[in-house]
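Comments concern the structure below.
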Amino acid sequence: MNAYKRIAALGLLLAACVACTSESVPHTSASGVASTGPWSASAAPGSGLPTPDPPSATLILPAEFAPALSYVSPDGRFVAARARDYGRVVLFRITPSSPRASTLQLTTVAEVRGYADQVSWLEDSTGVLVGTDLDGRTLSNHDPTRAGRRVVMLDTDGRVVIAPATAHEVLYHRAAASPDGRWIPVSDRCCVQQMLLLSRDGTEVRRVAGPAQPADKTLAFVGWDREGLFLYWETSADRSDLVAADLDGTERYRIAAPSGYPAVHLGLVASAPDRSWQLVELSGGMTSSFRAYRLLVGRDLLPPPEGLRESRYGPFVSGDELVYADSSGMVRAYQPRTDAVREIPLRLDVSRGPSTLGISDGYFVWMELVTGYVGDLTTGRKAVLPLQKILNASIVEGARLAEYHFDDNAIVIFNLATIAKK
């Protein structure tokens with residue numbers, strides 16, 4: 001699913017920020033961090049996976065690691081594998097064993113030891129953030145107070161950095177970095193509401209907003225606008241605002257939630273590649289749960305077309321369009337710049353309770369009951385995708401999808417283009 005979906009529902013509680021110094025520890029550690037394998041800090045990244053002729057390629061994780069707890073990088077060249085006991089995370093490089101191979105090999109790049117329950121890939125696949133206690137403990141004996149909680153950055157060139165002490169938590173499985181890639185949203189411990197950013201090199205934590213005052217006010221990260229301003233929502237008992245701020249915390253503008261939504265959570269669901277438009281989800285309540293969509297264009301929140309507002313299947317970004325299935329199952333593409341909606345020659349069987357996975361390079365992936373499908377958004381051609389009955393997969397760039405297998409400790413990377421053309 002989209003890296004930003006359900007951002008508002010996370011209900012982030014952030015703690016007070018204190019100035020601190022950083023610890024940079026490449027290739028060594030006295031506190032559970034290590035970089036291993038045949039790599040040095042100056043080593044060039046490995047070549048990417050070729051588009052294989054076989055419909056899929058498989059890698060087998062070592063028995064210590066669980067596929068359900070591991071995450072392939074957005075570009076499909078690395079996997080951050082988490083141990084079954086949560087006791088360490090190892091960054092592996094994925095390489096084919098031979099040209100057009102259907103089996104893949106793993107090479108250790110870096111690792112961090114200690115109770116780790118958070119893994120967050122940078123969107124450019126140059127590194128992965130791990131939230132860990134750095135104490136060598138596991139799920140069975142970790143410190144519930146998380147007093148030693150830290151964020152550790154494992155770069156794909158082998159560098160390992162422990163972030164400053166105020167960076168305790170990573171937020172999402174995709175890091176939601178700034179448009180220039182220089183800043184990553186993180187959080188401190190409960191319960192003071194504030195907005196924190198970690199520099200890409202892992203050495204600086206910057207406070208953008210907060211602590212929130214008065215006590216009934218809530219702050220939470222939303223995303224970034226086209227100019228690179230930091231977006232967060234600010235909610236009190238009777239109103240909600242989307243706020244844009246510079247990296248030094250200077251507020252540049254704020255947008256009130258639409259009429260009828262006095263205290264609503266805001267989150268980004270999808271964004272144009274250049275952020276000229278972004279789809280915002282308004283949500284709220286536990287007992288009165290609801291959601292609504294608005295398009296953020298400049299400083300305006302505009303209603304999208306009715307079919308998209310009502311869709312339970314998507315939307316996903318494909319190029320500069322939003323793709324979704326309407327209540328009949330017909331797949332449509334909406335262009336926010338022109339407000340045009342066009343039909344795509346694909347249809348989901350809504351009587352079979354479809355679940356949608358996402359889009360990779362023009363290929364739409366979904367399941368109907370226990371049958372997986374991939375559809376070509378250009379031609380409408382669709383084919384059966386041999387997914388597991390229990391859905392556990394993530395979209396990878398280059399018309400690929402990674403599926404995490406419970407039974408054989410494997411990760412299968414499907415070539416969607418090859419399968420759809422059969």
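Laid out as a table, the results:
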item	result
Counted residues, the range 388-409 - those being more than 17 Å from residue 62 (Cα to Cα), assigned to a loop (DSSP other than H, G, I, E, B) and at pLDDT 95 or above	3
Check on residue 194, over 24 Å from the mean Cα position of the chain (by Cα), over 30 Å from residue 308 (Cβ atoms) and of a type in the set (S, T, N, Q)	no
Residue in the range 252-259 that is without any contact (Cβ under 8 Å) to a residue 60 or more places away in the chain, aliphatic (A, V, I, L, M), surrounded by 19 or more Cβ atoms within 10 Å (Cβ to Cβ) and over 30 Å from residue 345 (Cβ atoms) present	yes
Candidates 220, 272, 245, filtered to the one that is of a type in the set (Gly, Ala, Ser), within 22 Å of the chain's Cα centre (by Cα) and either farther than 28 Å from residue 335 by Cβ or loosely packed, with under 14 Cβ neighbours inside 10 Å (or both)	220
Any hit, the range 404-415, residues being open to solvent by less than 10 Å² (accessible area, probe 1.4 Å), of a type in the set (S, T, N, Q) and either in contact (Cβ under 8 Å) with a residue 40 or more places away in the chain or touching a helix residue (DSSP H, G or I) at 6+ places or on another chain (Cβ under 9 Å) (or both)	yes
Filtered residues of the range 300-318 (kept if in contact with a strand residue (DSSP E or B) (Cβ under 9 Å, 6 or more places away or on another chain), open to solvent by 10 Å² or more (accessible area, probe 1.4 Å), free of Cβ contacts under 8 Å to residues at least 60 places away in the same chain and not polar (S, T, N, Q))	300, 301, 302, 303, 305, 307, 309, 312, 313
Filtered residues of the range 337-360 (kept if open to solvent by 20 Å² or more (accessible area, probe 1.4 Å) and in a loop (DSSP other than H, G, I, E, B))	337, 338, 339, 349, 353
Complete set of residues in the range 361-385 that are part of a loop (DSSP other than H, G, I, E, B) and either within 24 Å of the chain's Cα centre (by Cα) or of a type in the set (Phe, Trp, Tyr) (or both)	361, 362, 377
Segments classed as strands (runs of 3 or more DSSP E), wholly inside the range 195-292, with at least 3 members that are out of contact with any Asp or Glu (no Cβ under 7 Å at 6 or more places or on another chain)	195-199, 205-209, 218-224, 230-235, 265-271, 278-284
Residue pairs meeting the criteria (Cβ under 6 Å; at least 6 apart or on separate chains; first without any contact (Cβ under 8 Å) to a residue 40 or more places away in the chain, in the range 359-370; second of a type in the set (Asp, Glu))	368/349
Matching entry among 63, 44, 30, 80 (being over 21 Å from residue 386 (Cα atoms), modelled with pLDDT of 95 or more and assigned to a loop (DSSP other than H, G, I, E, B))	63
Members of the range 275-299 that are within 19 Å of the chain's Cα centre (by Cα) and either of a type in the set (D, E, K, R) or loosely packed, with under 13 Cβ neighbours inside 10 Å (or both)	275, 281
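The values are calculated or read from the model by the stated rules, or taken from the named source; none is laboratory data. Predicted model, so just to flag it, every value in this text is computed and none were measured. All Cβ positions, glycine included, derive from the backbone under ideal geometry; neighbour counts span all protein chains shown. All accessible areas refer to the heavy atoms of the entire protein, side chains included, with ligands and DNA or RNA removed. Shrake-Rupley method; radii C 1.70, N 1.55, O 1.52, S 1.80 Å.
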